[in-house]
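To start, the structure itself, in structure tokens.
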């Protein structure tokens with residue numbers, strides 16, 4: 001009887017405050033159930049050990065600001081390492097923020113394109129001009145970085161289809177946005193050896209964001225899904241068009257390796 005009363009009360013609250021339904025729809029337990037029911041991946045994407053791809057993994061993340069909203073240093077190092085492994089010359093990025101990731105990629109790729117909301121849209125959404133102005137801070141003056149502006153959900157990417165060796169998806173992380181950006185990313189790829197990286201597949205390297213995972217798989221062509229993986233120790237999912245050794249994600253796994261981190265500060269001359 002108590003459960004029935006609680007259920008009736010909950011329904012009444014949702015009727016009075018429809019926004020509460022979003023809390024249910026966004027519940028990670030429900031998101032996991034949806035993904036497992038559709039794809040059977042109880043433990044998330046198959047995991048590639050970072051040392052499987054790079055036996056002597058050694059990279060640099062430069063520039064890196066260590067400020068709010070930044071990509072983890074290892075994720076940026078992964079982008080650089082993947083670009084070298086797959087011979088990336090043409091790079092496309094959805095979602096820029098301060099421009100740290102594309103500034104790093106500009107160091108290893110011949111030509112980089114970033115895509116972000118126009119500043120006026122960012123101000124309208126956030127009411128924060130400083131936040132808008134900081135977008136592309138590290139990349140705006142780089143000669144081999146081209147900046148595009150628009151909403152990735154409605155922008156006509158047609159002229160860019162089939163031109164890029166690597167696409168980095170790091171825009172809005174809600175389900176519909178990730179799904180649409182994923183559909184776009186596969187169309188942007190140049191050839192059979194081109195790759196995709198999605199950021200924030202995890203809340204941390206051992207905790208899956210099931211809504212993001214579901215959006216990636218729903219947005220990917222069915223024949224490509226078998227080559228979508230999670231890279232260990234990172235927040236990144238990847239599309240790598242080859243069969244690789246994988247294992248299941250084991251949260252709180254005993255470390256089998258460690259990383260050496262060297263940090264140096266460089267003063268900017270603004």
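No lab work stands behind these numbers, since they all come straight from the coordinates. The structure presented is a predicted model; accordingly, all values stated were derived computationally and were not measured. Glycine gets a Cβ as well: all are built from the backbone with ideal geometry, and neighbour counts include every protein chain shown.
Computed packing ranks the peptides 92-101, 248-257 as 92-101, 248-257, most packed first, by mean other Cβ atoms within 10 Å.
For P(r) over Cα pairs in 5 Å bins from 0, in percent, which listed value, (1) 1, 5, 12, 16, 18, 16, 12, 9, 5, 3, 2, 1, 0, 0; (2) 1, 7, 14, 20, 22, 19, 13, 5, 0, 0; (3) 1, 5, 9, 10, 8, 8, 7, 7, 6, 6, 5, 5, 4, 4, 3, 3, 2, 2, 1, 1, 1, 0, 0, comes from the coordinates shown? Of the listed options (1) 1, 5, 12, 16, 18, 16, 12, 9, 5, 3, 2, 1, 0, 0; (2) 1, 7, 14, 20, 22, 19, 13, 5, 0, 0; (3) 1, 5, 9, 10, 8, 8, 7, 7, 6, 6, 5, 5, 4, 4, 3, 3, 2, 2, 1, 1, 1, 0, 0, (1) comes from this structure. Take the Cα of residue 258, go 7 Å toward its beta carbon, and the backbone nitrogen atoms of segment 229-252 under 17 Å from that spot belong to 233. Using only Cα atoms and rounding to the nearest 10 degrees, what angle (0 to 90) does helix 210-219 make with the longest principal axis of the chain? Helix 210-219 sits at roughly 70 degrees to that axis. Averaged over residues, the count of other Cβ atoms within 10 Å places the peptides 51-59, 190-198 in the sequence 190-198, 51-59, highest first. Length available on full extension from residue 192 to residue 223: 0.36 nm per residue minus the Cα-Cα distance, which gives 9.9 nm. To the nearest ten degrees, helix 73-85 and the longest principal axis of the Cα atoms of the chain are 60 degrees apart. To the nearest ten degrees, helix 2-16 and the longest principal axis of the Cα atoms of the chain are 60 degrees apart. Taking the DSSP beta bridges with both ends in segment 93-181, the antiparallel portion is around 0 percent.
Taking the helices alone, the chain has a mean residue ellipticity at 222 nm of -10000 deg cm²/dmol, built from -39,500 (n - 2.57) per DSSP H run of at least 4 residues and averaged over all its residues. Label separation (residue 242 vs residue 155): 3.0 nm, computed from points 7 Å beyond Cα along the C-beta direction. Its relative contact order, with pairs defined as Cα atoms under 8 Å and 6+ residues apart, puts segment 41-239 at 22 percent.
Beta bridges per DSSP, both residues in segment 41-239: antiparallel share near 30 percent. The calculated pair-distance distribution of segment 58-215 uses every alpha carbon pair, bins of 5 angstrom beginning at 0, and gives 2, 9, 19, 22, 23, 17, 7, 1, 0 percent. The order of 90, 262, going from fewest to most other C-beta atoms within 10 Å of their C-beta, is 262, 90.
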